[in-house]
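Visitor: Before I ask anything, let me first share the structure, which is written out below as structure tokens.
The values are calculated or read from the model by the stated rules, or taken from the named source; none is laboratory data. All values reported here derive from a predicted model rather than from experimental measurement. Heads up, the Cβs are rebuilt from the backbone with ideal geometry, glycines too, and the neighbour counts pull from every protein chain shown.
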Amino acid sequence: MAVEKKRVIQGVLLAVGIAFNIWGLLTLVQTAGHDAGISVGLTYLDKIPHIIHKYVIVVITMMIGILSLSNWAAQLSGKKRNVLSIIFCAYSTILTIPLFLTFILCFFRAGGILDFDMVNMIADDMMDIFKTPGAYYTIFVLGSLMGAVFLVVPILSTYCTVKNIDLIKVILAKIKGKKAAPAQESAQEDAESAEEGKESASKQEDEEKKNAQE
């Protein structure tokens, strides 16, 4: 029963991963190729007025797809698991680098020192939506942080998968270790204090004996 359940979960993850990756890539092509007259049939995207909203759909669908495929690969075993995990990590990294760089370059576009068509469209659209510099610069910062997280997390996750490291257990162990450390230090201090007390009592007894002999 457990084996069957695992196979069902793997099948669902694989199906969801493939479906959302295809949807995300088609959405990307439809969005990026609209001005060039390229269409893959997702005409509902053409009715969305802001290009950034279209790219939000791309990010969400691709994120679901990549996470599903990564989790599917992680449930496999041996060399196949490692190879597929590395492939999906590389795929994720290749797709995420443009996202991260775009948000970084938006700062330069807002400052008037960059003129690049794709960045211009996205930066100008966000500035039009959020109006004030404080608002859209905040979005640029959050977008850059999101891109950085999307870059680092898959790489770290893949490393842990390949090296058979349970990252959650490692983190929990460190947290418990930090909590246990003060208790250990307190116990050690109590033991040292007790030892000092014994030594002091022993010295006092010796002095009393000497005084009695005199």
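Visitor: Is region 12-24 home to any residue that is in contact (Cβ under 8 Å) with a residue 60 or more places away in the chain, more than 26 Å from Thr102 (Cα to Cα) and either among the aliphatic types (A, V, I, L, M) or surrounded by fewer than 12 Cβ atoms within 10 Å (Cβ to Cβ) (or both)? Walk me through how you get there before you give the answer.
Guide: Quick first cut of region 12-24, residues in contact (Cβ under 8 Å) with a residue 60 or more places away in the chain only: 13.
If we keep only those that are more than 26 Å from Thr102 (Cα to Cα) as well, we get 13.
From what's left, either among the aliphatic types (A, V, I, L, M) or surrounded by fewer than 12 Cβ atoms within 10 Å (Cβ to Cβ) (or both): 13.
Yes: region 12-24 contains one or more residues that are in contact (Cβ under 8 Å) with a residue 60 or more places away in the chain, more than 26 Å from Thr102 (Cα to Cα) and either among the aliphatic types (A, V, I, L, M) or surrounded by fewer than 12 Cβ atoms within 10 Å (Cβ to Cβ) (or both).
Visitor: Within region 48-60, does at least one residue satisfy the condition of being of a type in the set (Phe, Trp, Tyr), more than 30 Å from Leu167 (Cα to Cα) and in a helix (DSSP H, G or I)?
Guide: Here is the first cut: in region 48-60, the residues of a type in the set (Phe, Trp, Tyr) are 55.
Imposing the further condition that a residue be more than 30 Å from Leu167 (Cα to Cα) reduces the set to 55.
After this cut, where a residue has to be in a helix (DSSP H, G or I) as well, the list is 55.
Checking region 48-60: at least one residue is of a type in the set (Phe, Trp, Tyr), more than 30 Å from Leu167 (Cα to Cα) and in a helix (DSSP H, G or I).
Visitor: Taking the stated definitions as given, is Ile51 within 19 Å of Ala123 (Cα to Cα) and either surrounded by 12 or more Cβ atoms within 10 Å (Cβ to Cβ) or among the aliphatic types (A, V, I, L, M) (or both)? Lay out the reasoning, then the answer.
Guide: Numbers: within 19 Å of Ala123 (Cα to Cα): yes; either surrounded by 12 or more Cβ atoms within 10 Å (Cβ to Cβ) or among the aliphatic types (A, V, I, L, M) (or both): yes.
Against the criterion (within 19 Å of Ala123 (Cα to Cα) and either surrounded by 12 or more Cβ atoms within 10 Å (Cβ to Cβ) or among the aliphatic types (A, V, I, L, M) (or both)), Ile51 qualifies.
Visitor: So which of Ser39, Ser68 ends up being among the small types (Gly, Ala, Ser) and either in a loop (DSSP other than H, G, I, E, B) or in contact with an Asp or Glu (Cβ under 8 Å, 6 or more places away or on another chain) (or both)? Reasoning before the result, please.
Guide: Working: Ser68 fails: either in a loop (DSSP other than H, G, I, E, B) or in contact with an Asp or Glu (Cβ under 8 Å, 6 or more places away or on another chain) (or both).
Only one candidate passes the filter, namely Ser39.
Visitor: When both residues are 6+ apart or on different chains and their Cβ atoms are under 6 Å apart, which pairs have a first residue that lies in region 111-125 and is part of a helix (DSSP H, G or I), and a second that is surrounded by fewer than 15 Cβ atoms within 10 Å (Cβ to Cβ)?
Guide: Asp125/His50
Visitor: With part of a helix (DSSP H, G or I), surrounded by 13 or more Cβ atoms within 10 Å (Cβ to Cβ), modelled with pLDDT under 90 and out of contact with any Cys (no Cβ under 6 Å at 6 or more places or on another chain) as the only criterion, which of Thr27, Thr93, Thr31 stands out?
Guide: Within the list Thr27, Thr93, Thr31, the selection yields Thr31.
Visitor: Here's another thing I want to ask about it. Taking the condition of being surrounded by fewer than 17 Cβ atoms within 10 Å (Cβ to Cβ) and in contact with a Ser or Thr (Cβ under 6 Å, 6 or more places away or on another chain), how many residues in region 109-162 meet it?
Guide: 1
Visitor: Take Ile86 and tell me if it is hydrophobic (A, V, I, L, M, F, W, C) and touching a residue at least 12 places away in the same chain (Cβ under 8 Å). Spell out how you get there, then give the answer.
Guide: On the way: hydrophobic (A, V, I, L, M, F, W, C): yes; touching a residue at least 12 places away in the same chain (Cβ under 8 Å): yes.
In short, yes.
Visitor: Residue under question is Leu69, and the condition is that it be closer than 18 Å to Ser92 by Cβ, crowded, with 17+ Cβ neighbours inside 10 Å and at pLDDT 85 or above; does it hold? Walk me through how you get there before you give the answer.
Guide: Details: closer than 18 Å to Ser92 by Cβ: yes; crowded, with 17+ Cβ neighbours inside 10 Å: yes; at pLDDT 85 or above: yes.
Considered against the rule, which asks whether it is closer than 18 Å to Ser92 by Cβ, crowded, with 17+ Cβ neighbours inside 10 Å and at pLDDT 85 or above, Leu69 comes out as yes.
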